[in-house]
């Protein structure tokens, strides 16, 4: 696997970022820090447990613990007393662990889904604003073209392009298509 070098803040590429982009990056990072700082104890615990449960260290610990448990209880270690010969206790412990881990993962996913919803709302608002501004620019360029009497190939499309998109109409159309 190739190592991908990350640009550091001192590289020319990072220095050449537009100030507005740098401001946006700082705002996003600040918002993330604020969200992390205001998270409750339960949210932080669920996130930490989910992170650990999704790590390779978690897998290695389970390989060792479960492996030793199985080896010890199948009488493969001479002189070691067997305390769970049918491995029922191990199965019960694994089941309880799975219940709690899946709950912590779901809590973490719910938090992440709420963050994703906020980002999607922001993306939608920015896209709608961009579409509105583009529509206005098209109308202004059309006025300039008419004033200068410059023929264009896009004359047939301009009227459609000058119309703002109605998000409600698009959503209604999407919902109608999903039902079909």
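No lab work stands behind these numbers, since they all come straight from the coordinates. None of the values given here were measured: they were computed from a predicted structure. In this analysis, Cβ positions are derived from the backbone assuming ideal geometry, glycine residues included, and neighbour counts consider all displayed protein chains.
Going by alpha carbons, how many degrees (0 to 90, nearest 10) lie between the helix axis of 88-148 and the longest principal axis of the chain?
The angle comes out near 10 degrees.
Pop the C-beta distance of residue 26 and residue 171 into the FRET formula with R0 = 25 Å and round what comes out to the nearest 0.05.
Working: r = 33 Å, r/R0 = 1.31.
The calculated FRET efficiency here is 0.15.
Given the options 36, 46, 20, which has the most mean-square fluctuation in a GNM of the chain, springs set between C-alpha atoms less than 10 angstrom apart?
Comparing 36, 46, 20 in a Gaussian network model of the chain, the most mobile one is 20.
Report the FRET efficiency, 1/(1 + (r/R0)^6), for residue 65 and residue 110, where r is their Cβ-Cβ distance and R0 is 35 Å, rounded to 0.05. The partial results should precede the final answer.
On the way: r = 29 Å, r/R0 = 0.83.
The pair residue 65/residue 110 has a calculated efficiency of 0.75.
Among 160, 43, 168, which one moves the most in a GNM of the chain with springs linking Cα atoms closer than 10 Å?
Checking each option, the largest mean-square fluctuation is seen for 168.
Taking the Cα atoms only, what angle lies between the long axis of helix 41-53 and the longest principal axis of the chain, rounded to 10 degrees?
70
Using 0.36 nm per residue of separation minus the Cα-Cα distance, give me the extension gain between residue 91 and residue 34 in nm, one decimal. Mind showing how you got there, number by number?
Working: separation 57, 0.36 × 57 = 20.52 nm, distance 4.12 nm.
16.4 nm is the gain from fully extending residue 91 to residue 34.
Would you mind telling me which residue in 34, 162, 146 has the biggest mean-square fluctuation in a Gaussian network model of the chain, where springs connect alpha carbons within a distance under 10 angstrom?
146
For the chain, what is the relative contact order in percent, using Cα pairs closer than 8 Å and at least 6 residues apart in sequence? Could you put the intermediate results ahead of the total?
On the way: 57 pairs, mean separation 28.3, N = 180.
The value is 16 percent.
Which entry is the computed percent of Cα pairs over 24 Å apart for this structure: (1) 51; (2) 59; (3) 71?
Matching entry in (1) 51; (2) 59; (3) 71: (3).
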